[in-house]
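Quick notes on the structure that follows.
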Amino acid sequence: MAYFEGTKEEFYKFLGPRTSDIVTEISRPKRKHQKSCKDEDIDDNGKKKVCGKWKSLDAAHLKDRTRKILITEILEDFAEKNIKQSTYKITLDKFEEEFRNKHKDFFNVIQFRCRKHHRAYDNKYKVEDLQDEIVIPTVETYTPDFEIDSNTKSEFIKKFIVPKISYLKNDNCRIARVSKDNWNFNPTVKELKKDFYLLCYNQVDFSVAILKIEKNTLQIKAKTTDKKKISLNIPYSESDFFEKKTDKNLEFLESFELKS
Ligand SMILES: [Zn+2]
């Protein structure tokens with residue numbers, strides 16, 4: 001049976017990389033349950049704003065659940081100790097098993113944070129952990145049954161997406177691609193009387209963010225001459241989505257990438 005014997009520092013150094021692999025593996029399916037960074041910023045007006053970044057997030061261990069702390073606990077509880085030499089001996093299987101066990105109550109051990117908020121959190125609590133960052137990209141991908149490139153028509157993409165997402169219907173969502181750093185939508189007044197969804201499509205990396213407008217919550221006057229259509233402008237963002245004219249934050253529901 002393979003085992004490792006060494007000081008705590010040696011455990012960190014030699015088994016640290018292995019623990020990142022395990023954390024990556026455990027974290028990946030959990031991204032479904034925390035889709036974006038929940039940390040808050042204070043804006044210029046002193047108002048709190050949830051970060052909301054979603055594309056790739058760090059699996060950030062909480063301040064008293066760092067990998068160093070978890071490793072130390074495992075060594076204290078399960079390893080053979082040599083007090084004279086301050087070394088520990090444990091089989092690799094047992095070590096891995098216990099390291100996985102430490103993550104059973106996942107969200108009390110790890111929060112997904114964007115890199116900026118991960119750093120801010122670690123600085124605030126003076127967290128000292130293994131140095132390597134564990135990045136978990138957004139997990140959801142869909143594989144279109146057609147060739148996709150930057151010229152693929154958005155309506156074509158919408159047609160592909162709608163049947164995949166349970167709450168979407170042909171008539172309760174619209175899609176837009178990034179144009180001059182904005183997503184522009186022109187829903188009808190009538191459409192916004194029901195819950196409505198905006199598919200913010202990025203034709204460069206083929207990602208889609210879905211935003212929700214709850215029924216009757218967006219008060220914009222119709223602009224078109226027939227008074228039937230509203231124009232919505234959402235500045236391109238990977239985190240906070242708001243409608244320009246009303247300054248209203250739009251609820252981010254989920255995101256995914258289209259991959260051929
Ligand atoms: Zn963040």
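Laid out as a table, the results:
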| item | result |
| --- | --- |
| Highest-first arrangement of 187-195, 81-89, where packing means the average Cβ count within 10 Å | 187-195, 81-89 |
| Radius 14 Å from Cβ of Lys116, net charge of other residues (Lys, Arg +1; Asp, Glu -1) | 0 |
| Selection from His117, Phe95, Phe106 lying farthest towards where the dipole of the stretch 86-128 points positive, charges on Cβ | His117 |
| Pairs beyond 29 Å (Cα-Cα), from Lys38/Lys89; Lys102/Lys164; Lys48/Lys126; Lys13/Lys49 | Lys38/Lys89; Lys102/Lys164; Lys13/Lys49 |
| Between 0 and 90°, nearest 10: helix 92-101 axis offset from the chain longest Cα axis | 40 |
| Bins of 10 Å from zero: percent of alpha-carbon pairs in the stretch 141-258 | 13, 49, 32, 7, 0 |
| 3J(HN,Hα) from dihedral phi, the stretch 235-244, Karplus parametrisation 6.51/-1.76/1.60, rounded to Hz, x for glycine, proline | x, 4, 7, 9, 9, 9, 10, 9, 8, 4 |
| Only Lys, Arg (+1) and Asp, Glu (-1) charged, at Cβ; the stretch 3-137 dipole about Cα centre in debye | 680 |
| Gyration tensor verdict on the stretch 95-151 (Cα atoms; rounded if a/c is under 1.5, prolate if a/b is larger than b/c, oblate otherwise) | oblate |
| Debye log10 I(q)/I(0) for the chain, one point scatterer per Cα, at q = 0.07, 0.12, 0.17 Å⁻¹ | -0.35, -0.81, -1.24 |
| Lys/Arg +1, Asp/Glu -1 at C-beta; the stretch 141-258 dipole; positive extreme among Ala209, Gln219, Phe146 | Gln219 |
| The chain: relative contact order as a whole-number percent, Cα under 8 Å and 6+ apart | 19 |
| 0 to 90° range, to nearest 10: angle between helix 8-27 axis and the chain longest Cα axis | 30 |
| Charge context of Lys48, other residues only, Cβ under 11 angstrom, K/R +1, D/E -1 | -2 |
| Residue-wise HN-Hα coupling along the stretch 110-117, computed from phi with Karplus coefficients 6.51, -1.76, 1.60 (Hz; x: Gly, Pro) | 10, 10, 7, 9, 5, 4, 4, 6 |
| Helix-only [θ]222 nm of the chain, DSSP H runs n ≥ 4, -39500 (n - 2.57) each, per residue, nearest 500 | -7000 deg cm²/dmol |
| Cut-off 15 Å between beta-carbons: net charge of the residues surrounding Ile71, Lys and Arg +1, Asp and Glu -1 | -3 |
| Between the stretch 25-103 and the stretch 173-238, the Cα center-to-center distance that results, in Å | 38 |
| Column: log10 I(q)/I(0), Debye, Cα scatterers of the stretch 53-100, q = 0.21 Å⁻¹ | -0.77 |
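Each value in this text was obtained by applying a stated rule to the coordinates, not by laboratory testing. Just so we're clear, the structure is a prediction, and the values are computed from it rather than from any experiment. Backbone-built Cβ (ideal geometry, glycine too); neighbour counts: all protein chains shown.
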